[in-house]
Amino acid sequence: MKKLIPLLVIVLLASASLSACGKKPSAVSPAPGPSAGVAAESTPPAPPSSPDASTEPGAPSAEPSAPGADASRVIGSADDLTIADDSFRELAPLTFTATVTDAYGLVLADFDYFYPQIELTGNAAATAKINAQLSEHYNSEVRRLNGRIAEINENPDWYSTYYSDFPGAETGWFQNSYRIVSAPGGRLSVVFSETYYYPGAAHDGSDYRAFVFDTDTGARIGLGDAFTGSRDDFVGALCREAYAAVKSYDYGLDYHLVYGIPEDSAETELAFVTENFGQHIDDSSFALGAEGVVLVFNTYDISSLMRGPTWVLIPYAALSGDLRAAP
């Protein structure tokens with residue numbers, strides 16, 4: 001009997017162990033949270049992108065909250081600019097079209113460019129002067145584009161081999177568009193947007209150029225004609241407004257982190273902004289629209305390739321002390 005007692009104890013222990021091993025696993029305990037009947041706090045889901053939001057590479061991410069009408073803000077492109085009046089009408093544009101092929105007829109690149117001609121209401125002299133300047137720009141562009149065609153034609157065998165090795169590869173394309181915007185006070189802006197792709201390139205490219213004209217005289221308006229004071233003063237004002245717009249936008253770039261700007265040093269930050277934004281502000285990078293001054297920064301000017309170009313609209317009210325003959 002004494003021998004049976006230890007044996008019975010062992011059997012009972014083994015049975016308890018087997019019973020524990022065979023038990024179904026418990027449900028995973030939820031993370032600590034509010035008691036039953038208490039609504040849990042949650043982060044609301046991000047709103048869906050608007051149907052017309054650009055999904056192309058390089059397009060800025062959606063704006064988290066629309067700034068007030070009097071605040072400087074980032075806009076999508078020149079297409080977002082409104083025309084203030086009907087003081088002009090467009091005439092048939094000057095065009096440049098070309099197709100570059102190799103010896104076998106394989107298309108290497110297409111060129112499609114358009115340059116406006118306009119007619120001002122009741123001012124033939126200013127019309128002629130503005131069109132002469134736009135025509136001069138067109139002739140300069142033709143020379144530039146013919147140079148690009150010559151570059152491709154210098155080594156057609158390379159392109160033929162490239163397309164032979166990669167039959168589905170995209171052919172080259174070079175194109176532009178323009179937007180004509182008038183503003184109160186006799187101002188007319190023509191903004192050119194160019195995009196292009198060289199065969200075999202890693203990605204496409206873009207370039208932007210603006211012309212501002214006085215509709216009374218037909219003369220081109222530069223920064224010095226549009227703003228009062230010294231160049232440093234008004235460029236500084238534009239830089240501050242542009243930087244404020246970019247910072248308030250969901251732009252995905254922390255200038256403090258990237259460039260090591262002290263968060264608590266307004267003087268250092270302003271110096272950085274004036275230097276890095278200001279070097280890209282010139283007579284060809286601004287326009288005057290119905291709502292305010294428009295600045296365009298090309299890709300790589302103040303952001304990465306992923307972000308592409310940056311368009312900033314600065315309301316006239318924000319620059320009332322800097323504008324000369326403000327619209």
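How many of the residues in segment 82-95 are buried (at least 17 other Cβ atoms within 10 Å of the Cβ) and either outside any strand (DSSP E or B) or not aliphatic (A, V, I, L, M) (or both)? Show your work before the answer.
As a first pass, look at segment 82-95 and keep what is buried (at least 17 other Cβ atoms within 10 Å of the Cβ): 84, 87-88, 94.
Filter again for either outside any strand (DSSP E or B) or not aliphatic (A, V, I, L, M) (or both), leaving 84, 87-88.
The number of residues fulfilling the criteria is 3.
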Residues in segment 205-232 that are surrounded by fewer than 19 Cβ atoms within 10 Å (Cβ to Cβ) and at pLDDT below 80 total 5
Can you tell me how many residues in segment 195-216 are within 21 Å of residue 311 (Cβ to Cβ) and without any contact (Cβ under 8 Å) to a residue 60 or more places away in the chain? 3
Every residue in segment 141-172 that is surrounded by 16 or more Cβ atoms within 10 Å (Cβ to Cβ) and of a type in the set (A, V, I, L, M, F, W, C), please. 145, 149, 152
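For segment 60-75, which positions are part of a loop (DSSP other than H, G, I, E, B) and at pLDDT 75 or above?
If the condition is that a residue be part of a loop (DSSP other than H, G, I, E, B) and at pLDDT 75 or above, then 71, 72 are the ones that fit.
Regarding residue 240, is this residue under 30 Å from residue 271 (Cα atoms), at pLDDT below 90 and of a type outside the set (A, V, I, L, M, F, W, C)? Steps first, please.
Working: under 30 Å from residue 271 (Cα atoms): yes; at pLDDT below 90: yes; of a type outside the set (A, V, I, L, M, F, W, C): yes.
It is true that residue 240 is under 30 Å from residue 271 (Cα atoms), at pLDDT below 90 and of a type outside the set (A, V, I, L, M, F, W, C).
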What's the number of the only condition in (1) loosely packed, with under 15 Cβ neighbours inside 10 Å; (2) of a type in the set (A, V, I, L, M, F, W, C); (3) in a strand (DSSP E or B) that residue 202 fails to meet? (3)
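The values are calculated or read from the model by the stated rules, or taken from the named source; none is laboratory data. All values reported here derive from a predicted model rather than from experimental measurement. In this analysis, Cβ positions are derived from the backbone assuming ideal geometry, glycine residues included, and neighbour counts consider all displayed protein chains.
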